[in-house]
Amino acid sequence: MFDCTRLFVILCVLLGAGVSAQGLPPIEYAQLGECKLDNGATIHGCKLGYRIFGTLNADKSNAILFPTWFTGRSGDIGADIGPGRIVDDTKYYIIVVDALGDGVSSSPSNSTAQHGIEFPNFTIHDMVESEYRLVTTTLRLKHLHAVMGISMGGMQTFEWVVSHPEMMDLAVPIVGTPQQSSYDLLLWNAEKVALEADPAWQGGHYTRNPELPMVAYLHEMNLSTPEFRVDHTTREQFPEYFHHIGTEDHTGFDANDYLRQLEAMIPHDIAHGGTLYAAAAKVKAKMLIVNARQDHMVNPLPALGFARLLHAQTLVLESDCGHMSPGCEIGRLSPVIDHFLAQP
């Protein structure tokens, strides 16, 4: 089925050949045992996949955690890493972690004890708590130089700075949000309704991963902007483009995995029932908040409002690429992030 990885396939092309062209670091697994969740449920046999890029320095002060985006996997991030890209592994020890539900870490598709639709719901906060255990227990790091991530990875970054404010010096959420706007909720809930209404989903008990074309169409419409689509797809090309969206199995991402990550994003709010003012008061890290002005997938206003509460540095991308702007504007983005991360 179609998923957000398409965004970052395009991003990787724009970045050029990266680490993945030379061979990715091997995937490793943190065996966490039981992961207690916000809703009182437990993930049994909980595990997190991760890859390490770069080398940890002698005083262990150059570690950066990079959680994956919605439907992304650690193997997708290789082309984002290196000189002139999102983050430079010649300078930093980068822990790219597979978020819960991505089919690598504990997920509906790979759990034997809680398979498929029986897998419990989890939250963005649950993702962060499992990542905290990876960093502190498995990797035995007491502190991180930075946490950073793109899209849902940016949501996790916002959650990190309020849940574990003393854990990092810097944070860089990229096209993420501290809480879903009403427009974001319209998109994510529409995708959820479309997924659950598709007969091929079979209430989550399918034997063949369904294509779910309506989910794909909704996602694609919000991935970029009308101007981008008109500029990149002619009327003559449209039939093939439309057919490809609705029928191709782009990555093999499991439908129940998609649903559980979607359900994690919908209630995302770092205020947790309080106010963003109170959440901002918890933040200790310096933040560089990157958003795209024309983002139709993750509205930039909550993040930019949060930046004002913190007097944080911001970078607003202006291209008509929308949510794909980090790739389209990598030449502008990369030096800003590099300069920000260079702070002691």
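Every number in this text was worked out from the coordinates using simple rules, so none of it is lab data. These figures come from a predicted structure and were not determined experimentally. For neighbour counting, all protein chains shown are included, and Cβ atoms are generated from backbone atoms with ideal geometry for every residue, glycine included.
Checking the table Lys36/Lys282; Lys91/Lys286; Lys192/Lys284 against a 29 Å threshold on Cα-Cα, which pairs fail? The partial results should precede the final answer.
Details: Lys36/Lys282 24 Å; Lys91/Lys286 19 Å; Lys192/Lys284 35 Å.
Where the Cα-Cα span goes over 29 Å, the pairs concerned are Lys192/Lys284.
Rank the residues Ser224, Ser109 as a footprinting-exposure proxy: fewest other Cβ atoms within 10 Å of their Cβ go first.
Values: Ser224 25, Ser109 21.
The fewest-first ordering by Cβ neighbours comes to Ser109, Ser224.
Taking every DSSP beta bridge that has both residues in the stretch 66-177, what percent is antiparallel when rounded to the nearest 5? List each step's numbers first, then the result.
Details: 0 of 9 bridges.
Beta bridges within the stretch 66-177, antiparallel portion: roughly 0 percent.
About its Cα centre, what dipole magnitude does the chain give when the only charges are +1 on Lys and Arg Cβ and -1 on Asp and Glu Cβ, stated in debye to the nearest 20?
On the way: 22 positive and 39 negative charges, 212 e Å.
The calculation lands at about 1020 debye.
Can you give the percent of C-alpha pairs in the stretch 83-242 whose distance is more than 28 Å? Write down the numbers at each step before the final one.
Numbers: 4827 of 12720 pairs.
That fraction is 38 percent.
In whole Å, what three semi-axes, largest first, describe the equivalent ellipsoid of the chain built from its Cα gyration tensor (square root of 5 times each eigenvalue)?
Working: eigenvalues 156, 118, 81 Å².
Working from the Cα gyration tensor, I get semi-axes of 28, 24, 20 Å.
Would you please give the residues with an amide H less than 5 Å from that of Leu315, counting only those at least 5 places away or on a separate chain, with H modeled from the backbone geometry?
Counting only residues 5 or more places away or on other chains, the set is Ile289, Val290, Asn291.
Quick one: pull the percentage of alpha-carbon pairs in the stretch 37-165 with a separation above 22 Å. Provide the component values of the computation, followed by the final result.
On the way: 2791 of 8256 pairs.
Tail of P(r) above 22 Å: 34 percent of Cα pairs.
Taking only Cα atoms and a 10 Å spring cutoff, compute GNM fluctuations for the chain and point out the largest among Arg260, Arg235, Arg85.
Arg235
Among Leu317, Leu309, which comes first, second and so on when ranked by fewest other beta-carbon atoms within 10 Å? Don't skip to the end; give the middle numbers.
Details: Leu317 25, Leu309 15.
If I rank by nearby Cβ atoms, fewest first, I get Leu309, Leu317.
Could you order the peptides 171-183, 112-124 from most to least packed, using the average number of other C-beta atoms within 10 Å per residue?
On the way: 171-183: 23.1, 112-124: 17.2.
Ranked by mean Cβ neighbours within 10 Å, highest first: 171-183, 112-124.
When only DSSP loop residues count, what chymotrypsin sites (Phe, Trp or Tyr not before Pro) in the stretch 200-302 have their Cβ near at most 13 other Cβ atoms within 10 Å? Show your work: numbers first, answer last.
Working: sites: Trp201, Tyr206, Tyr217, Phe228, Tyr241, Phe242, Phe253, Tyr258, Tyr277; in loops: Tyr206, Phe253.
Loop-located and lightly packed - none at all.
Could you go through the stretch 128-141 in sequence order and give the Karplus-derived ³J(HN,Hα) for each residue, using 6.51 cos²θ - 1.76 cosθ + 1.60 with θ = phi - 60°, rounded to whole Hz, and x for Gly and Pro?
Calculated HN-Hα couplings, in order: 5, 5, 5, 5, 4, 5, 4, 5, 7, 9, 6, 8, 6, 9 Hz.
Could you tell me what percent of the DSSP beta bridges with both partners in the chain are antiparallel, to the nearest 5?
Here the antiparallel bridges make up roughly 35 percent for the chain.
Mind listing the phi-derived Karplus ³J(HN,Hα) values for the stretch 149-158, rounded to whole Hz, using 6.51, -1.76 and 1.60 with θ = phi - 60°, and x for any glycine or proline?
Using θ = phi - 60°, the values come out as x, 10, 6, 4, x, x, 4, 5, 4, 4 Hz.
Which residue, chosen from Asn299, Met155, Leu195, occupies the Cα position most advanced towards the positive end of the dipole of the chain, where the dipole is computed from +1 (Lys, Arg) and -1 (Asp, Glu) charges on Cβ about the Cα centre?
Selected residue: Met155.
Per DSSP H run of n ≥ 4, the term is -39500 (n - 2.57); total these for the chain, divide by its residue number, and report the mean residue ellipticity at 222 nm rounded to 500 deg cm²/dmol. Display every interim value, and only then the final one.
Numbers: 13 runs with 125 residues, N = 344.
Helix-only estimate at 222 nm: -10500 deg cm²/dmol.
Take Lys91, Lys36 and order them by how many other Cβ atoms sit within 10 Å, fewest up front. Don't jump to the answer; show the numbers that get you there.
On the way: Lys91 17, Lys36 13.
Fewest-to-most ranking of Lys91, Lys36: Lys36, Lys91.
Normalised by the number of residues in the chain, what is the relative contact order in percent for Cα pairs under 8 Å and 6+ residues apart? Display every interim value, and only then the final one.
On the way: 714 pairs, mean separation 75.1, N = 344.
Relative contact order, the chain: 22 percent.
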